[in-house]
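Okay, structure first, notes after.
The values are calculated or read from the model by the stated rules, or taken from the named source; none is laboratory data. Everything numeric in this text was worked out from a predicted model, so none of it was measured. Virtual Cβ from ideal backbone geometry, glycine too; neighbours counted across all protein chains shown.
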Amino acid sequence: MELKTNLCSNAVRKIGLLITKAAELGMQLDGYGFADENKHSGNVYLWLEDYPFTLYIGLGSDNVYALWSNPNDGEEIELDISKMNLSQLEDWAYALYDSAENA
């Protein structure tokens, strides 16, 4: 996983929260991926190639969400993951993918 280093201290703190949440979920962090800040939205995100969703924290919050992006039209769907486990997150994202492929 690649971590951007030219971030403000608050973005670095939020990336720490994302990495901690990913570890708590049991996600493998040793694959290809990025942890960075979206300069346009202010969201901080953790994208890992091995998972069908991205974890992120929005501007002005410390709540962790999952984000799924439709590969066909770019539509994004978010989910509060506070009460979810990794299996539920993967099922959610794969169901969205299947729905998009069959549309």
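Can you work out which of the residues in region 27-48 that are closer than 13 Å to TRP68 by Cα and of a type outside the set (Phe, Trp, Tyr) is nearest to the chain's Cα centre (by Cα)?
So, considering only residues that are closer than 13 Å to TRP68 by Cα and of a type outside the set (Phe, Trp, Tyr), the one nearest to the chain's Cα centre (by Cα) is LEU46.
Tell me, which residue of region 13-42 that is assigned to a helix (DSSP H, G or I) and among the basic types (Lys, Arg) is surrounded by the most Cβ atoms within 10 Å (Cβ to Cβ)?
Of all residues in region 13-42, those assigned to a helix (DSSP H, G or I) come to 13-25.
Filter once more, keeping what is among the basic types (Lys, Arg): 13-14, 21.
Working: ARG13: 13, LYS14: 26, LYS21: 16.
For region 13-42, the residue satisfying everything is LYS14.
Checking GLU75 against (1) in contact with a strand residue (DSSP E or B) (Cβ under 9 Å, 6 or more places away or on another chain); (2) modelled with pLDDT of 95 or more, only one condition comes out false. Which one?
That leaves (2) as the condition not met.
For region 78-103: of the residues being at pLDDT 95 or above and among the acidic types (Asp, Glu), which is nearest to PHE53 (Cα to Cα)?
So the residue we want is GLU90.
Looking only at region 57-72, decide whether some residue is over 23 Å from ARG13 (Cβ atoms), charged (D, E, K, R) and either modelled with pLDDT of 95 or more or surrounded by fewer than 19 Cβ atoms within 10 Å (Cβ to Cβ) (or both).
no
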